[in-house]
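*Asks:* Sharing a structure below in structure tokens format, with a few things to ask.
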Amino acid sequence: MRNITILIADDNHVFRKTLCEFVESLGAVTVVAEALDGDHVIELTSKLLPDMILMDISMPNKTGLEAAKVIKAHYPGIFIVVITLHEGAVYRQLAKDCLADDFIPKSDMKSKLSALIMHRLHSGAFGA
């Protein structure tokens, strides 16, 4: 079983570091890069082709939703998870409209993200 490669995109440095440490503590996960805005996550995605992107909605330049739409147009197999403070149904629908694969409120992040990564890892969703 190989490690899942993850790209983290959030404009908050402290949150990016916290999220990086959390996902790497799950085992079988490697954070390949951190992006600080929507343009940066698109650029890094094209260079690194991660298995999964964990991305905030509110970021400078392009929002996470705009970036998700661009990434999915070019790399439909990359699994995108929107992780955000915006918990309303309207944001969940906007994420879905931009082809994000999942939506996790930051308030539920640790339990839901852990379960999602473990499920995808054990189901073989990221290859051998």
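*Asks:* Report, by residue number, each residue of the range 12-42 that is within 19 Å of residue 121 (Cβ to Cβ) and out of contact with any strand residue (DSSP E or B) (no Cβ under 8 Å at 6 or more places or on another chain).
*Replies:* Correct list: 21, 22, 25, 26, 27.
*Asks:* Could you please give the count of residues in the range 69-120 that are of a type in the set (Asp, Glu) and under 13 Å from the mean Cα position of the chain (by Cα)?
*Replies:* Qualifying residue count for the region: 2.
*Asks:* Then there is this: Which of the following residues is of a type in the set (Ser, Thr, Tyr), touching a strand residue (DSSP E or B) at 6+ places or on another chain (Cβ under 7 Å), farther than 20 Å from residue 5 by Cα and crowded, with 16+ Cβ neighbours inside 10 Å: 45, 84?
*Replies:* It is 84.
*Asks:* Can you work out which of the residues in the range 87-128 that are among the aromatic types (Phe, Trp, Tyr) and within 19 Å of residue 57 (Cβ to Cβ) is surrounded by the most Cβ atoms within 10 Å (Cβ to Cβ)?
*Replies:* 103
*Asks:* Using the structure shown, decide if residue 119 is assigned to a helix (DSSP H, G or I), out of contact with any helix residue (DSSP H, G or I) (no Cβ under 7 Å at 6 or more places or on another chain) and free of Cβ contacts under 8 Å to residues at least 60 places away in the same chain.
*Replies:* yes
*Asks:* State the number of residues belonging to the range 48-81 that are touching an Asp or Glu at 6+ places or on another chain (Cβ under 6 Å) and surrounded by 14 or more Cβ atoms within 10 Å (Cβ to Cβ).
*Replies:* Going through the range 48-81 one residue at a time, the tally reaches 8.
*Asks:* Residues that are among the β-branched types (Val, Ile, Thr) and over 23 Å from residue 93 (Cβ atoms): does the range 53-75 have at least one?
*Replies:* No, because not a single residue in the range 53-75 is among the β-branched types (Val, Ile, Thr) and over 23 Å from residue 93 (Cβ atoms).
*Asks:* Also, I was wondering about something else. Tell me the residue from 121, 49, 85, 116 that is at pLDDT below 95 and more than 21 Å from residue 15 (Cβ to Cβ), please.
*Replies:* Just a single option satisfies the conditions, and that option is 121.
The values are calculated or read from the model by the stated rules, or taken from the named source; none is laboratory data. Keep in mind the model is a prediction, meaning the values are calculated, not measured. In this analysis, Cβ positions are derived from the backbone assuming ideal geometry, glycine residues included, and neighbour counts consider all displayed protein chains.
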